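Engineer: First the structure, then my questions, so here it is.
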Amino acid sequence: MSATSTLNKQILTQLEKSKHLSHLKQLQAYLITLGHSQTQFYAFKLVRFCNLTLFNLNYARSIFNHLHSPNIYLYTAMITAYASQPDHYSTLNLYIEMVRKANPKPNQFIFPHVLRSCPVVLGTYGTKMLHTQIMKFGFGEYPVVQTALVDSYTRSCSDLGIARKVFDEMTERNVVSWTAMVSGYTRVGEMGNAVLLFEEMPERDSPSWNAVIAGCTQNGLFSEAISLFRRMVNSSNRPNQVSVVCTLSACGHGGMLQLGKCIHGYIYRNELGSDCYISNGLVDMYGKCGSLVEAKCVFDKTPKRNLTSWNSMINCVALHGQSDCAVSIFKEMLEHRDNVMPDYVTFVGLLNACTHGGLVEQGRKYFDMMINDYGIEPQIEHYGCLIDLLGRAGQFEEAKEVIREMKIPPDEVVWGSLLNGCKIHGRMDMAEYAVKKLIEIDPNNGGYGIMLANIYSESGRWNEVRKVRKMLKEQNVHKTPGCSWIEIDNQVHQFYSVDKTHPRTEDIYLTLECLANRF
């Protein structure tokens, strides 16, 4: 065995035994004494060990920076590590540095990582500029690069057409490239195109099923998500953790408790795990469906709770008006041995709980705590909760002061919350002001116009009532109909106001008439 082979084996053996940065530094010092401080092979091994085992990108970059001419493998190792963080700016800056030096030349494995960072750092034109460089370097026909281009273009809504053009021109499409295009459509809400493309796929894997199921859930197509999950159960690609969590979310949003319980049973039978990811999905589903006992049971059995676990449980009980319980869980979280720190979602749940329970002083306290103790900048959701809390308590001057001092423009939730408080306390002057602000934000929402007309009628201002109704008629705006649903035999039936499209409408109205006649 040659001296080089012996040294290679010795270094690799030592790296396998190493656990800490101090071990790596000793090995690095040893290589320097042997005159191998600039040997690319050893530098590559040290950099990869830093990135993959120690997760110390700063020290890896220090080793990289001391090399006179890092090769393409070292650049790829560093760019891959930055992209996995993700640290988009460092990814792109290192790539730009390499291109400016013109040595080494990029390879096809670098471009997918850089393409993921481009839309984030450079916006719409980032991918287009990199696409030009890819063609210049001769990597435009590589399937891995083409797939990354499709993914990168779909991250910008305006570039979806270009993404489809790249996809259609690919000579070799695999399941990854098909899934990238399906995910692109789901990302921008084009679920019709996403499902059509999914049905055309010559082969599917779990990520492709998950992409379309998650897309349906995120875009409010809950029944479609569940239908796809049922098909997946009977396919060659069995559901995994991602599949069941996405479907549990659909069940929660649609109030489909029985189906959610069936999926819980499926998780148990197929041993898909009881980790935080699954448990949080179950807590969220049970909570949204109103089964707080089951939600708490799953929560209590979760072996290691993360921040999402606590947030899910706090939001569950807050949603159903159990304010004291939400506050109690928050206090338990702060005292827990896992040392979990609250985030902005935690305080949305707490403020919601205070709103439902009329806990004005506690709501103020948590709002101030969020800013002063945890350095969390209030988001529109926090302001909406606080305004709702103050409005319900009739503290309109303070509510107006909060709105004036907001660092972000008030949205429909903020003005709607103020309006709700005005209606409770009969403050028609301020209600009129809030509705006018809502109409400014969404002039096509006929519901706001109808609210304004109702406010005028309650004040006896009939001329204004006629003007508003005339305006609504001329603009041909309509109020969004109310919707309710019920789950029967694992099937959800939706009903809209003045809607007679349900196949059993005649039976429903006959039953309703019979019930009405009894009273």
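Engineer: Can you tell me which residue among C297, C276 is surrounded by fewer than 19 Cβ atoms within 10 Å (Cβ to Cβ) and in contact with a Ser or Thr (Cβ under 6 Å, 6 or more places away or on another chain)? Quick ask: steps written out before the conclusion?
Structural biologist: Values: C297 fails: in contact with a Ser or Thr (Cβ under 6 Å, 6 or more places away or on another chain).
Of C297, C276, the one residue that is surrounded by fewer than 19 Cβ atoms within 10 Å (Cβ to Cβ) and in contact with a Ser or Thr (Cβ under 6 Å, 6 or more places away or on another chain) is C276.
Engineer: Restricting attention to region 70-110, which residues are of a type in the set (D, E) and under 30 Å from the mean Cα position of the chain (by Cα)?
Structural biologist: Matches in region 70-110: D87 only.
Engineer: Does region 155-174 include one or more residues that are modelled with pLDDT of 90 or more and within 22 Å of the chain's Cα centre (by Cα)?
Structural biologist: no
Engineer: Okay, moving on. Do any helices (runs of 4 or more DSSP H) lying entirely in region 26-114 carry at least 1 residues that are at negative phi, touching a Phe, Trp or Tyr at 6+ places or on another chain (Cβ under 6 Å) and open to solvent by 40 Å² or more (accessible area, probe 1.4 Å), and which ones are they?
Structural biologist: 40-49, 72-84
Engineer: Hey, L351 hits all of (1) open to solvent by 40 Å² or more (accessible area, probe 1.4 Å); (2) hydrophobic (A, V, I, L, M, F, W, C); (3) touching a residue at least 24 places away in the same chain (Cβ under 8 Å) but one; which does it fall short on?
Structural biologist: Exception for L351: condition (1).
Engineer: Condition (residue is modelled with pLDDT under 70, open to solvent by less than 100 Å² (accessible area, probe 1.4 Å), of a type outside the set (V, I, T) and under 26 Å from I387 (Cα atoms)) applied to region 457-480: is it met by at least one residue?
Structural biologist: Looking through region 457-480, at least one residue is modelled with pLDDT under 70, open to solvent by less than 100 Å² (accessible area, probe 1.4 Å), of a type outside the set (V, I, T) and under 26 Å from I387 (Cα atoms).
Engineer: Could you check how many residues of region 1-13 are surrounded by fewer than 15 Cβ atoms within 10 Å (Cβ to Cβ) and not in a loop (DSSP other than H, G, I, E, B)?
Structural biologist: Number of matching residues: 8.
Engineer: Just one of (1) in a loop (DSSP other than H, G, I, E, B); (2) open to solvent by less than 40 Å² (accessible area, probe 1.4 Å) trips up N339, so point out which.
Structural biologist: (2)
Engineer: Condition (residue is modelled with pLDDT of 90 or more, open to solvent by 60 Å² or more (accessible area, probe 1.4 Å) and assigned to a helix (DSSP H, G or I)) applied to region 305-314: is it met by at least one residue?
Structural biologist: Checked against the condition, which is being modelled with pLDDT of 90 or more, open to solvent by 60 Å² or more (accessible area, probe 1.4 Å) and assigned to a helix (DSSP H, G or I), region 305-314 yields at least one hit.
Engineer: Filter region 131-152 down to the residues that are hydroxyl-bearing (S, T, Y) and out of contact with any Phe, Trp or Tyr (no Cβ under 9 Å at 6 or more places or on another chain), then identify the one that is surrounded by the fewest Cβ atoms within 10 Å (Cβ to Cβ).
Structural biologist: T132
Engineer: Looking at (1) over 25 Å from the mean Cα position of the chain (by Cα); (2) modelled with pLDDT of 90 or more; (3) within 27 Å of E398 (Cβ to Cβ), find the lone condition where E332 falls short.
Structural biologist: So E332 meets the others, but not (3).
Engineer: A follow-up question, please. Just give me the residues in region 182-199 being in a helix (DSSP H, G or I) and touching a residue at least 12 places away in the same chain (Cβ under 8 Å), in sequence order. Even if it seems obvious, please write down each step before you answer.
Structural biologist: To start, the set of residues in region 182-199 that are in a helix (DSSP H, G or I) comprises 182-187, 191-199.
The answer is V182, S183, G184, Y185, T186, R187, M191, A194, V195, L197, F198.
Engineer: Of all residues being surrounded by fewer than 19 Cβ atoms within 10 Å (Cβ to Cβ) and touching an Asp or Glu at 6+ places or on another chain (Cβ under 7 Å) in region 231-256, which is farthest from N210 (Cα to Cα)? Just the residue, please.
Structural biologist: By that ranking, first place goes to G255.
Engineer: Determine whether region 119-126 contains at least one residue that is in a loop (DSSP other than H, G, I, E, B) and over 26 Å from N51 (Cβ atoms).
Structural biologist: Looking for residues that are in a loop (DSSP other than H, G, I, E, B) and over 26 Å from N51 (Cβ atoms), one finds at least one in region 119-126, hence yes.
Engineer: Please enumerate the residues belonging to region 333-371 that are of a type in the set (A, V, I, L, M) and under 17 Å from G421 (Cα atoms).
Structural biologist: Applying the first criterion (of a type in the set (A, V, I, L, M)) to region 333-371 yields 333-334, 340-341, 345, 348, 350-351, 353, 359-360, 369-371.
Once the filter is applied, which keeps residues that are of a type in the set (A, V, I, L, M) and under 17 Å from G421 (Cα atoms), region 333-371 yields L351, A353, L359, V360.
Engineer: Mind listing whichever residues of region 381-414 are open to solvent by 10 Å² or more (accessible area, probe 1.4 Å) and small (G, A, S)?
Structural biologist: Selection gives A393, G394.
Engineer: Same structure, new question: Is there a residue in region 209-229 that is open to solvent by less than 60 Å² (accessible area, probe 1.4 Å), in contact (Cβ under 8 Å) with a residue 60 or more places away in the chain, under 22 Å from the mean Cα position of the chain (by Cα) and within 30 Å of C289 (Cα to Cα)?
Structural biologist: So far as region 209-229 goes, yes, one or more of its residues are open to solvent by less than 60 Å² (accessible area, probe 1.4 Å), in contact (Cβ under 8 Å) with a residue 60 or more places away in the chain, under 22 Å from the mean Cα position of the chain (by Cα) and within 30 Å of C289 (Cα to Cα).
The values are calculated or read from the model by the stated rules, or taken from the named source; none is laboratory data. All values reported here derive from a predicted model rather than from experimental measurement. Cβ coordinates were reconstructed from backbone atoms using ideal geometry, including for glycine residues, and neighbour counts include every protein chain displayed. Ligands, DNA and RNA are stripped out before the accessible areas are found, and what is left, the full protein with its side chains, is counted by its heavy atoms. Shrake-Rupley method; radii C 1.70, N 1.55, O 1.52, S 1.80 Å.
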